[in-house]
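One structure below.
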Amino acid sequence: MTLTSDKNKGGGLTDIENWMNSVEMKVNSWVLDKSFVLNCSLEEASEYFELVEQVLGLADNLASFPFNDDWKNKELLHQAHTVLHFAMVKLEEEFSHILVKNRQFLETEKGNVSVCLCRDVINEEEDDEVEESSISKEFIINLVRPNVIPVLKCIANLMFASKYEQECTLAYIRNRRVALAEVLFRLDMERMSIDELVKMDWP
């Protein structure tokens with residue numbers, strides 16, 4: 001929603017307040033729903049992403065718009081931040097759910113592992129090449145199914161834009177740590193700490 005300094009126009013505080021109340025109801029309905037709705041295609045999830053983008057945009061606009069310390073402006077800004085917070089909590093839950101439900105595990109075929117490597121959803125600009133290992137069995141691990149990568153990227157981008165990058169990063173690390181432990185278990189390797197893994201001699 002575009003703000004205007006003329007409160008008598010359609011974009012005045014009354015219209016903004018009505019719109020904010022409507023958006024809050026939609027977000028609350030989504031947040032209170034115990035099911036997960038974003039484990040789907042990007043097109044199907046776009047409705048929820050657009051909703052969060054609208055709240056984020058309104059919060060940014062209200063924070064920068066001069067209303068001469070109008071209490072109503074402050075009230076709307078507080079409401080927008082509250083709605084945004086609950087949306088971020090729900091997005092974090094959805095993010096973790098997608099990572100868990102779409103994990104890909106090692107699959108052996110004729111004694112060898114043959115799966116491709118997906119790029120990190122957080123560092124999407126990195127495109128490092130994977131060098132072939134000299135050992136007889138090559139272990140290249142898919143993090144998640146490729147079809148959910150666009151949704152994960154959108155969630156991560158929204159959380160970073162809303163200054164919830166720490167929550168997003170920690171959710172990602174927690175899930176990757178569990179996935180790593182499961183992979184090591186499948187490989188009959190003893191549980192090792194991160195420091196121990198770093199100190200290992202990798203071929």
- Task: Once you've got the Cα coordinates, tell me which of Lys26/Lys90; Lys101/Lys153; Lys72/Lys163 are over 18 Å apart.
- Result: Lys72/Lys163
- Note on the structure: Residue separation between Val37 and Leu170 times 0.36 nm, minus their alpha-carbon distance, gives in nm 45.7 nm
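Here, each number is a calculation from the coordinates, and none is a lab measurement. Worth saying up front: this structure is predicted, and the values here are computed from it rather than measured.
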